[in-house]
Amino acid sequence: MQRIAAVSLILAASFTPIYAVQFAGGTGQPNDPYQIATAEQLIAMGQDAALSDGHFVLIADIDLDPSLPGDRFFREAIIAPPASVASRRGSPPRTAFNGSFDGAGHAIRNCTIYAQDYGLSVALFESIGPQGCVRNLCMENVMIVGVAVNFSGYCAALAGENAGLIVDCSADGMVVAGGQLDHSGGLV
């Protein structure tokens, strides 16, 4: 009987997803979202395609000021996990965010992105898919710039592209696009 229990435990452990970052709590389910309390947790959320349909909630304000420790200077969207298929503009493969993200009235401050690549959308979320929902989030003092000679993506504070739902979100700061195409917006 002990041998069967040990095998069951090993099998269960081998199918449990393990992420490089530990969230502040939650399981990623709609009724128990992953809790994000630090910039590192927010950044990690965007680096794993397996999390692109998870559910998240901010439990603290996040400061992405590039002058703070932790190398928070970005060259592409922060939440833009790699994928297995290429996007429609021929840019590096990405996965749209199809989960839920609740800012819970918290702010993400000083998000600074200088895009130097072509074809990428530049914002907090590169793309919000049809099942995605972002709500109750304030972005303060953003600086989003996509002006490299070959830049041809979309620039905005919250999302470069949106096919989902955005509710009760706001942004202030500066968004600048140039290069081959000039696609910029304030929030999306």
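Only the coordinates and a few stated rules stand behind these numbers; no lab work does. What you are looking at is a predicted structure, and each value in this text was computed from that prediction instead of being measured. FYI the Cβ positions are ideal-geometry reconstructions off the backbone, even for glycines, and counts take in every protein chain you see.
Quick notes
- Protection proxy ranking, peptides 25-35, 124-134, average beta carbon neighbours within 10 Å, highest first: 124-134, 25-35
- Segment residue 75-residue 172, extension gain: residue separation times 0.36 nm, minus the distance between their alpha carbons: 33.0 nm
- Length released on extending from residue 133 to residue 65, taking residue separation times 0.36 nm less the Cα-Cα span: 22.0 nm
- FRET efficiency for residue 165 and residue 143, using Cβ-Cβ distance with R0 set to 35 Å, rounded to 0.05: 0.85
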